[in-house]
Amino acid sequence: MHQPGFTGGLLDRADPLRQNPDLLAAAIADWRARLLVLDNYEPEVDAAGRLVWTTMADVPEGSELILLGLDEGKPCFAALTPGMKPPAGRPMRLFAMIEQLAPGEAATYAAARSVLDWHTRHRFCANCATPTVPFHAGWGRRCPNCNAEHFPRVDPVVIMIAEHDGRALLGRQPAWPPGRYSALAGFLEAGESIEGAVAREIMEEAGVRVSNIRYVASQPWPFASSLMIACTATAADDALTLDKHELEDAIWVSREVVREVLAGGDGPFLPPPPYAIAFTLLTEWANA
Ligand SMILES: [Zn+2]
């Protein structure tokens, strides 16, 4: 299978260290400990496609440390620094860097970005509105008033292609670059199964009834903290009724067309970028 972007992380997440303040203090003091170099939320990437790290001497004043994990025993941290701001939008420069990153490196960056983003957006207790403090080596926040514990959230998203008579349904959102078509997608709602969300989203966006929903792969998507769950489904027929708020257009494409487009050839649409799980999903479907 084409490995989904942001997967295959190489760090040991080292849960025992998160739970033991003495072990965590020893990890911070370890001479091998290293700090992820970030400019606000953006990584620095070297010529070999690896994340750039520095020593703990460079931890900015007033930072909280997040233990990302152990790399062959070396403790790896990210710093939650005062003044960090959730970035507005997604600069193209960032995606150019992500394309350069080796797969395991992108997974490390995704974890760091998601958890840092969660901290900056969740500074107050959801229960009593008191400012919270990090605990669990940066993998949680605790309320000093009501003792509630809060943990980084993950928002599940289903992304899927419906198939009918050897063709896949692809849609295009108005904000996408000209010509881009991809799998349909949407957030799971409370109380919903993956299968239920897939069927609902395809019906809502394209007016197509599906069955035989199958899981293909998943990926964390760190903008800000989604878990993309890729599926395929079988459509009852190919008549489309588009929700124009969600989809500007939708098309049915054959395996031959998808293979040609994914290989960089000409076709009726531009494919999703290789680090997006839609690319993995289309690749798996086209080669099935
Ligand atoms: Zn509270």
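Data for the structure
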read-out: Quarter of the Cα convex hull surface for the chain, i.e. its orientation-mean projected area (nm²); value: 16.9
read-out: Calculated log₁₀ intensity ratio I(q)/I(0) where the Debye formula runs over C-alpha points of segment 167-288, q = 0.13, 0.17 Å⁻¹; value: -0.49, -0.89
read-out: Amide H partners (placed H, <5 Å) of G9, local residues excluded; value: none
read-out: For segment 73-89, Karplus couplings with θ = phi - 60° (6.51, -1.76, 1.60), whole Hz, Gly/Pro x; value: x, 7, x, 10, 10, 10, 9, 8, 9, x, x, 4, 10, x, x, 8, x
read-out: Low-density loop positions, chymotrypsin sites (Phe, Trp or Tyr not before Pro), segment 1-52 - DSSP coil, at most 12 other Cβ in 10 Å; value: W31
read-out: Ranking of S182, S63 by count of other Cβ atoms within 10 Å, fewest first; value: S63, S182
read-out: DSSP loop trypsin sites (Lys or Arg not before Pro) with at most 16 other Cβ within 10 Å excluded, longest remaining stretch of the chain; value: 51-122
read-out: Lys, Arg +1 and Asp, Glu -1 on Cβ, resulting dipole of the chain about Cα centre, debye, nearest 20; value: 560
read-out: Descending Cα extents along the principal axes, segment 75-114, whole Å; value: 30, 29, 12
read-out: Under the span-like rule (Cα at least 20 Å along the axis, Kyte-Doolittle mean at least -0.5), DSSP H helices of the chain; value: 103-121
read-out: Angstrom value of the Kirkwood radius, inverse mean 1/r, which spans all Cα pairs in segment 42-179; value: 17.9
read-out: Part-to-part distance (alpha-carbon centres) for segment 63-115 and segment 168-225, which is given in Å; value: 26
read-out: Taking only Cα atoms of segment 234-283, radius of gyration then Dmax in Å; value: 12.4, 31
read-out: Translational D in µm²/s for segment 114-193 (Stokes-Einstein at 37 °C, 0.692 mPa s, Kirkwood Rh from C-alpha pairs); value: 205
read-out: Kirkwood hydrodynamic radius of segment 1-122, Cα pairs, Å; value: 15.0
read-out: Stokes-Einstein translational diffusion, segment 13-64 - Kirkwood Rh over all Cα pairs, 1.306 mPa s, 10 °C, in µm²/s; value: 125
read-out: Sparse-neighbour loop sites [GluC sites (Glu not before Pro); segment 46-143; at most 12 other C-beta within 10 Å; DSSP]; value: E61, E72
read-out: Only Lys, Arg (+1) and Asp, Glu (-1) charged, at Cβ; segment 149-279 dipole about Cα centre in debye; value: 300
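Bear in mind that the values in this text are calculations on the coordinates, not laboratory data. Values in this document were obtained by computation on a predicted structure and should not be read as measured data. Backbone-built Cβ (ideal geometry, glycine too); neighbour counts: all protein chains shown.
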